[in-house]
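Asker: Submitted below is the structure of interest, expressed as structure tokens.
The values are calculated or read from the model by the stated rules, or taken from the named source; none is laboratory data. None of these values were measured; they are calculated from a predicted model. We place every Cβ from the backbone using ideal geometry, glycine too, and count neighbours over all the protein chains shown.
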Amino acid sequence: MKVLVTGGAGFIGANLCRRLAGLAEVERITVLDDLSTGDARNLADLPVELAEGSILDSGLLARLVTGATTVIHLAARPSVPRSLADPLASHAVNATGTLHVLEACRATRPHVILASSSSVYGDSPAPYKHEDLPTRPLSPYGATKLATEAYALAYAASFALPVLPFRFFNVYGPLQPAGHAYAAVIPAFVSAALRGLPVPIHGDGAQARDFTYVGSVTEVLADAAVRRVTSGTPVNLAFGARISLLSLKDALAEVLGRPVEAEFLHARAGDIRESQASARLLLGLFPAVRPVPLADGLRATVEWFRRSAEPVGAGHRETVPPGRPVDSSQPCRSMSTGEVGD
Ligand code: NAD
């Protein structure tokens, strides 16, 4: 297998490259990344060829797609608040960029796996989001992710492109940056707790998410690539865990072996109360996968934070230089409030 990973220098992408690098079936890994939120240092010790550039560069894409048997398209401008700040920029990368990737794949028809998001469900009241629910994105980001999966399925129907669009829920784990305005909730919690600060919670903390350890996500992605799994509908990539922010705080305290306080902040407009996946379709396609339990995933995340100082990644450059040990006595210079969207 010759795999092209777009967005491979990012959080999920670099974890995926590490897993792919350990597979006998994988002959070559190429990453296309513009390093806007990713970081080349995430790939430093991996046998990966990094092409620094944008998925909006169709010439570059065409060159990289030629010879790839598998394309795993993760490149995106992530985050709901980012898309609220600049919807056109999110559309350009996430929707138009995906179209560029698919168009580049039209001639040689590699297997294409893509990342959509639970944000396409919007505020659907169904306790478990199954793939047959109507989609109602509430943010420009969610709309761009709906476009991502819709274009993929349209290319499958129109041009016989073998595709597998996944809807990721709240993915967490090593390499996920904290310390910037758009940080996700788990790195924000871990970063605060390691500094002895209260974890920031918007609202009452009863809002629940289907937090999914990145190792479980990359296990499914790698297996999908090896077995060339395709689907005529998007597939949730989460396991139906219902974890409130308050119980997340308690689980983190358990892992750290000391109490963790919360700082309650104003509730955020548009913050969805419940976001749990139905995993029925996923487990039908990947019956052998077992999700990493929260406590184990949190332990690995905390260890990574401790080992690597502040995480590398664009969001960190202005805060703590990578490689510097975490000093829990130092206050965080750029405290994130923890995004729970996506
Ligand atoms: P990330 O920001 O760490 O990774 C995105 C990568 O894409 C970065 O390395 C970035 O530099 C790169 N990129 C951005 N614009 C690009 C462009 N124009 N050309 C080439 N590369 C570009 O985010 P992540 O959490 O690893 O997300 C990976 C994918 O998963 C994204 O598509 C995201 O929308 C999706 N997703 C993530 C989550 C989550 O919880 N992390 C949830 C739902 C969906």
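Asker: Given the criterion outside any helix (DSSP H, G or I) and more than 19 Å from Ala224 (Cβ to Cβ), identify the matching residue among Leu99, Leu133. Explain how you work it out, then say what you get.
Answerer: Details: Leu99 fails: outside any helix (DSSP H, G or I).
Unique residue meeting the criteria: Leu133.
Asker: Condition first: of a type outside the set (Gly, Ala, Ser) and crowded, with 24+ Cβ neighbours inside 10 Å. Now tell me which residues in segment 182-198 satisfy that.
Answerer: Val185, Ile186, Pro187, Phe189, Val190
To keep it simple, each residue is scored yes or no on (1) modelled with pLDDT of 95 or more; (2) surrounded by fewer than 24 Cβ atoms within 10 Å (Cβ to Cβ); (3) within 13 Å of the ligand (Cβ to nearest atom).
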residue	(1), (2), (3)
Gly59	yes, yes, no
Arg63	yes, yes, no
Ala68	yes, yes, no
Ile72	yes, no, yes
Ala75	yes, no, yes
Ser79	no, yes, yes
Ala85	no, yes, no
Ala89	yes, yes, yes
Ala92	yes, yes, yes
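Asker: Hey, can you tell me all the residues within segment 94-112 that are over 16 Å from Gly10 (Cβ atoms) and either at pLDDT below 95 or within 12 Å of the ligand (Cβ to nearest atom) (or both)? So that I can check it myself, show each step before the final result.
Answerer: First, pick out the residues of segment 94-112 that are over 16 Å from Gly10 (Cβ atoms): 95-96, 99-100, 102-112.
Passing the criteria: Ala95, Thr96, His100, Ala107.
Asker: Continuing with this model, one more query. Assuming Ala51 fulfils every condition listed in (1) of a type in the set (Gly, Ala, Ser); (2) more than 10 Å from the ligand (Cβ to nearest atom); (3) more than 20 Å from the chain's Cα centre (by Cα) apart from one, which condition is it?
Answerer: With (1) of a type in the set (Gly, Ala, Ser); (2) more than 10 Å from the ligand (Cβ to nearest atom); (3) more than 20 Å from the chain's Cα centre (by Cα) applied to Ala51, the lone miss is (2).
Asker: Moving on. Scan segment 8-30 for residues that are of a type in the set (A, V, I, L, M, F, W, C), away from the ligand (no atom under 14 Å from the Cβ) and either touching a residue at least 12 places away in the same chain (Cβ under 8 Å) or outside any loop (DSSP other than H, G, I, E, B) (or both) and jot them down. If you could, list the steps in order and put the result at the bottom.
Answerer: If we filter segment 8-30 for residues that are of a type in the set (A, V, I, L, M, F, W, C), which is where we start, we get 9, 11-12, 14, 16-17, 20-21, 23-24, 26, 29.
Next cut, away from the ligand (no atom under 14 Å from the Cβ) only: 20-21, 23-24, 26, 29.
Within segment 8-30, Leu20, Ala21, Leu23, Val26, Ile29 qualify.
Asker: Can we say Leu46 is free of Cβ contacts under 8 Å to residues at least 60 places away in the same chain and either within 8 Å of the ligand (Cβ to nearest atom) or in a helix (DSSP H, G or I) (or both)? Walk me through how you get there before you give the answer.
Answerer: On the way: free of Cβ contacts under 8 Å to residues at least 60 places away in the same chain: yes; either within 8 Å of the ligand (Cβ to nearest atom) or in a helix (DSSP H, G or I) (or both): no.
For Leu46, the condition - free of Cβ contacts under 8 Å to residues at least 60 places away in the same chain and either within 8 Å of the ligand (Cβ to nearest atom) or in a helix (DSSP H, G or I) (or both) - is not met.
Asker: Among the residues of segment 31-43, how many are within 10 Å of the ligand (Cβ to nearest atom) and surrounded by fewer than 21 Cβ atoms within 10 Å (Cβ to Cβ)?
Answerer: 4
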